[in-house]
Ligand SMILES: [Zn+2]
């Protein structure tokens, strides 16, 4: 591995357009400064040799797959698209609302928006919507409509 490859390997983000990056030029058969012409993706850019003008695509080394030589290199989060991440929404609400005061769920209780409640089956949830008869509650597993304020 040459010194210049090491330099490129250390990059964690693409150099800005019009900036220089030292890479090997196949046409010149030596390492040349290449100017960044355009960003193609968040991790790849079109670069041009400053001497011969040959263009090529520069790709950022993937930090994750570089460490794991046998890894698949596919980020796990990107694959999970089918369902919204209720856990993350719930965690956000937990941060915003807090769990200092958790009300036990009871259909006779009249709840308020942004109450933290504890349901015997679904656990801790946060009231995200409210009507006279129903509350919408976000639990860790997802949202549910529950009755409340029942005489
Ligand atoms: Zn060149």
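The values are calculated or read from the model by the stated rules, or taken from the named source; none is laboratory data. In this text the structure is predicted, and so the values were computed from the model without any measurement. Cβ placement follows ideal geometry from the backbone for every residue including glycine, while neighbour counts extend to all protein chains displayed.
Residue check: residue 46 meets all listed conditions (1) away from the ligand (no atom under 16 Å from the Cβ); (2) touching a strand residue (DSSP E or B) at 6+ places or on another chain (Cβ under 6 Å) but one, namely (1).
For segment 102-133, the set of residues classified as over 33 Å from the mean Cα position of the chain (by Cα) and assigned to a strand (DSSP E or B) consists of 104 only. Whether any residue in segment 73-89 is in a helix (DSSP H, G or I), in contact with a strand residue (DSSP E or B) (Cβ under 7 Å, 6 or more places away or on another chain) and modelled with pLDDT under 95 is what I want to check. Checking segment 73-89: at least one residue is in a helix (DSSP H, G or I), in contact with a strand residue (DSSP E or B) (Cβ under 7 Å, 6 or more places away or on another chain) and modelled with pLDDT under 95. Of the residues screened, residue 2 is not one that is at pLDDT below 70 and more than 16 Å from the ligand (Cβ to nearest atom).
Residue 31 falls short on exactly one of the conditions (1) touching a helix residue (DSSP H, G or I) at 6+ places or on another chain (Cβ under 7 Å); (2) more than 10 Å from the ligand (Cβ to nearest atom), and that condition is (2).
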